[in-house]
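To start, the structure under review is shown below, and the notes come after it.
The values are calculated or read from the model by the stated rules, or taken from the named source; none is laboratory data. The structure displayed is predicted, hence computed values, not measured ones. With ideal geometry, Cβ positions are generated from the backbone for all residues, glycine too; neighbour counts draw on all protein chains shown.
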Amino acid sequence: MPFIPTTEEEARQRGWSEFDVIFVSGDAYIDHPAFGVPLLARWLESHGFRVGIIAQPDWRSKEPFMTLGRPRFFFAVAAGAMDSMVAHYTPARKLRRDDAYTPGNRHGARPNRATTVYTSRLKEAFKDVPVVIGGIEASLRRFAHYDFWENKVRRSVLFDAKADLLIYGMAERPILELAERMRGGEPLGEIRDLRGTAYRCSGLGEAPGIEIPSYEEILASREKFAEAFRLAYLQQNPWSAWIVSQRHGNQLLVCNPPALPLTEAEMDAVYDLPFEKGPHPSYHETIPAWEQIKTSVTTHRGCFGGCAFCAITMHQGKVVQSRSKSSIIAEISAMTRKSWFRGSVSDIGGPTANMYGLGCGNMDAMKKCQRESCLFPAICPNLRTGDSAATRLLQAARSLVGVKHTAVSSGVRYDLLERQPAYFSELIGHHVSGLLKIAPEHLVDGVTEIMRKPGKKTFETFLSRFREESDRLGKRQFIVPYLISGHPGCTLADMLELALILKKMGMKVEQVQDFTPTPGTVATCMFHSGIDPMSGKSVYVATSDREKGLQKSLLLWHLPAERGKVLEALKELGREGDSWLLWGAGTGSNTGFTPERKKLPVKKAR
């Protein structure tokens, strides 16, 4: 199937004189289902819409936004697979020098706050054409929110961008219904009942649904900020959610309930679309994001883990939506016929690999559920945790003709693995490429409780099982632990304790993720307000760059470059005499040494 047109000439080759919908994206155009804009463009195309893509336009003038002309229905704008501010800046607010979603890995192909800038240019070029914004940037900024990069509370992106409609979450249902209703003659401005969307209107009169504290209130009060976040966060269950309204001066943000999850047949229909599985042929430089995911397969979406620092709940949702085994195997089989395939499937998974095929076993309870997590503080008794579907999938994938090796590299929940013995054996025996990514994030129980993660005991049990099984199989395999420093609730003393725990376990890390407060997460609400929005309790927050740097250095104590900061941290804690605990006898041994690998931004955004 030809690529989605990116020029008028490509449209003419299809016999088109105009487009119905034109997407504008902050990412390069890679025709692969791992990227949201191409996926939605293919989805609309499969339903008879004429769709075009403008990828990474130069935003300094309106002309690049006019290359495909005026669409009949609307422009659809997305900043890209990552929030543009996360893509541009480090947790220390330093400018990044690369961009994995751009040819040549070059920085600067998209602006800061791309959703707002792109919309502004489109309104300049076509004043009367509706603009619909979506993607992770718009989704997580749909309510008034704390912005780490400006250190202030900002309005909903819908007001800053002056867009006509916002689609949040996974957009297949709402964008298709919107396009079909407009094709039927209904003006976009009159479509106000569409699930998974938010719109703005006059703030005069009574607000529909649940009214949360206004922009002005949360700007003035951190308690009100936490309250607003909690009320909005609890309306993520698509079966029980209410409309949520929030006043911004004399205007009103109205957010409809989330779109209903896709069924297995619908998921198959989306991922079975005729993707080219590669970058548009106009690109002549390597695109790192494509290299990272081209041999991976998405098996499901959504995550019911509910980690405090993760944005999946407010974007993909906690309902896991899985594809059928036949659809996934067909995709892998097709991949083996690609010229660039060398026999290895780099990942078979989703946000959390071992959640494939799982979900609530009590539909009545699910429709009323307001739990943040199905796993924390304990696994919900209604959760189906069986591993037969996931195990059969992995077995079938590695048995395919043309496949030499398959890996699971998108991460697993080790607390869930305790109930999945067959999957555990299959995983350790056949799908670990020497290193298995595990994300304990921390191992001090007080911190993991705030993170909504399992604690030290659960990790120790898993680590012991992993090492025993690897030894039994005669495999030299190691755990890659992902850890976060500077998370709300974590003190300098907690980080020292974590460093000592890891040392006792015989583990070292080379890289640590410094907590980045991104819009839409529970942890970001804590970072700004100092309050756990669900419990109302105060939470300690390390806000200074100095303290955050010291926290990070404590986990890197074994690196010579960090020694000075480690000593500074010990002095701060009044524990200068305890340096021998880190650098005492035996610390030169690398037994069990596991270098942490840099997290790739493609599969999972935190």
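Could you go through region 52-66 and let me know if any residue there is under 29 Å from the mean Cα position of the chain (by Cα), on the phi > 0 side of the Ramachandran plot and not hydrophobic (A, V, I, L, M, F, W, C).
Yes - at least one qualifying residue is present in region 52-66.
State yes or no: is Ser282 over 30 Å from Arg371 (Cβ atoms) and either in a strand (DSSP E or B) or modelled with pLDDT of 95 or more (or both)?
yes
Yes or no: Arg97 at pLDDT below 95 and touching a Phe, Trp or Tyr at 6+ places or on another chain (Cβ under 9 Å)?
In short, no.
Could you list all residues from region 241-262 that are surrounded by fewer than 17 Cβ atoms within 10 Å (Cβ to Cβ) and under 19 Å from Ile312 (Cβ atoms)?
Leu260, the sole residue that qualifies.
Could you check, for region 54-65, whether at least one of its residues is of a type in the set (A, V, I, L, M) and in contact (Cβ under 8 Å) with a residue 60 or more places away in the chain? Before you say what the answer is, go through the steps one by one.
The first filter runs over region 54-65 and keeps only residues of a type in the set (A, V, I, L, M), leaving 54-55.
Now drop any that are not in contact (Cβ under 8 Å) with a residue 60 or more places away in the chain, which leaves 55.
The answer is yes, given that some residue of region 54-65 is of a type in the set (A, V, I, L, M) and in contact (Cβ under 8 Å) with a residue 60 or more places away in the chain.
Could you say whether any residue in region 263-274 is surrounded by fewer than 21 Cβ atoms within 10 Å (Cβ to Cβ), touching a helix residue (DSSP H, G or I) at 6+ places or on another chain (Cβ under 9 Å) and assigned to a strand (DSSP E or B)?
Among the residues of region 263-274, not one is surrounded by fewer than 21 Cβ atoms within 10 Å (Cβ to Cβ), touching a helix residue (DSSP H, G or I) at 6+ places or on another chain (Cβ under 9 Å) and assigned to a strand (DSSP E or B), which makes the answer no.
Considering only residues that are part of a loop (DSSP other than H, G, I, E, B) and surrounded by fewer than 20 Cβ atoms within 10 Å (Cβ to Cβ), which ones fall in region 7-31?
Listed by number, the residues that qualify are Thr7, Arg14, Gly15, Trp16, Ser17, Glu18, Asp20.
Could you count how many residues in region 309-323 are assigned to a helix (DSSP H, G or I) and touching a Leu at 6+ places or on another chain (Cβ under 9 Å)? Steps first, answer last, please.
Taking region 309-323 as the starting set, the residues that turn out to be assigned to a helix (DSSP H, G or I) are 312-315.
Filter once more, keeping what is touching a Leu at 6+ places or on another chain (Cβ under 9 Å): 314-315.
Summing the residues that are assigned to a helix (DSSP H, G or I) and touching a Leu at 6+ places or on another chain (Cβ under 9 Å) in region 309-323 gives 2.
Scan region 110-124 and give yes if some residue there is within 27 Å of Thr286 (Cα to Cα), assigned to a loop (DSSP other than H, G, I, E, B), among the basic types (Lys, Arg) and in contact (Cβ under 8 Å) with a residue 12 or more places away in the chain, otherwise no.
Scanning region 110-124 turns up at least one residue that is within 27 Å of Thr286 (Cα to Cα), assigned to a loop (DSSP other than H, G, I, E, B), among the basic types (Lys, Arg) and in contact (Cβ under 8 Å) with a residue 12 or more places away in the chain.
Looking at (1) among the charged types (D, E, K, R); (2) modelled with pLDDT of 95 or more; (3) over 25 Å from the mean Cα position of the chain (by Cα), which is the only condition Asp364 fails?
The failed condition is (2).
Can you tell me which residue among Tyr89, Tyr29 is touching a His at 6+ places or on another chain (Cβ under 6 Å) and either at pLDDT below 95 or of a type in the set (Ser, Thr, Tyr) (or both)?
After ruling out the rest, the residue left standing is Tyr29.
With the requirement that a residue be in a loop (DSSP other than H, G, I, E, B), touching a residue at least 60 places away in the same chain (Cβ under 8 Å) and crowded, with 20+ Cβ neighbours inside 10 Å, what does region 347-368 give you?
Passing the criteria: Gly350, Pro351, Thr352.
Could you check how many residues of region 379-395 are in a helix (DSSP H, G or I), more than 26 Å from the chain's Cα centre (by Cα) and not hydroxyl-bearing (Ser, Thr, Tyr)?
2
In the set Ile438, Ile379, Ile450, which member is touching a residue at least 24 places away in the same chain (Cβ under 8 Å) and buried (at least 22 other Cβ atoms within 10 Å of the Cβ)?
Working: Ile438 fails: buried (at least 22 other Cβ atoms within 10 Å of the Cβ); Ile379 fails: buried (at least 22 other Cβ atoms within 10 Å of the Cβ).
Unique residue meeting the criteria: Ile450.
In the set Gly80, Gly104, Gly48, which member is outside any helix (DSSP H, G or I) and surrounded by fewer than 24 Cβ atoms within 10 Å (Cβ to Cβ)?
Working: Gly80 fails: surrounded by fewer than 24 Cβ atoms within 10 Å (Cβ to Cβ); Gly104 fails: outside any helix (DSSP H, G or I).
Of the residues listed, the single one that is outside any helix (DSSP H, G or I) and surrounded by fewer than 24 Cβ atoms within 10 Å (Cβ to Cβ) is Gly48.
Residue-wise test of (1) touching a strand residue (DSSP E or B) at 6+ places or on another chain (Cβ under 6 Å); (2) under 26 Å from Lys127 (Cβ atoms).
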| position | (1), (2) |
| --- | --- |
| Gly185 | no, yes |
| Ala198 | yes, yes |
| Ser202 | no, yes |
| Pro213 | no, no |
| Gln235 | yes, no |
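Restricting attention to region 32-45, and to residues there that are in contact with a strand residue (DSSP E or B) (Cβ under 8 Å, 6 or more places away or on another chain) and assigned to a helix (DSSP H, G or I), which single residue is nearest to Gln316 (Cα to Cα)?
By that ranking, first place goes to Gly36.
When only residues in region 195-226 that are within 25 Å of the chain's Cα centre (by Cα) and surrounded by fewer than 20 Cβ atoms within 10 Å (Cβ to Cβ) count, which is farthest from Glu372 (Cα to Cα)?
Taking the candidates together, the pick is Tyr199.
Among His300, His284, which is the only one that is of a type outside the set (S, T, N, Q) and under 21 Å from the mean Cα position of the chain (by Cα)?
Going through His300, His284 in turn, just one is of a type outside the set (S, T, N, Q) and under 21 Å from the mean Cα position of the chain (by Cα): His300.
Can you work out which of the residues in region 162-197 that are without any contact (Cβ under 8 Å) to a residue 24 or more places away in the chain and of a type outside the set (Gly, Ala, Ser) is farthest from Leu40 (Cα to Cα)? Before you say what the answer is, go through the steps one by one.
As a first pass, look at region 162-197 and keep what is without any contact (Cβ under 8 Å) to a residue 24 or more places away in the chain: 177, 181, 184-187, 190.
Checking which are of a type outside the set (Gly, Ala, Ser) leaves us with 177, 181, 186-187, 190.
Numbers: Glu177: 12, Arg181: 17, Glu186: 21, Pro187: 21, Glu190: 23 Å.
Applying the filter and picking the extreme gives Glu190.
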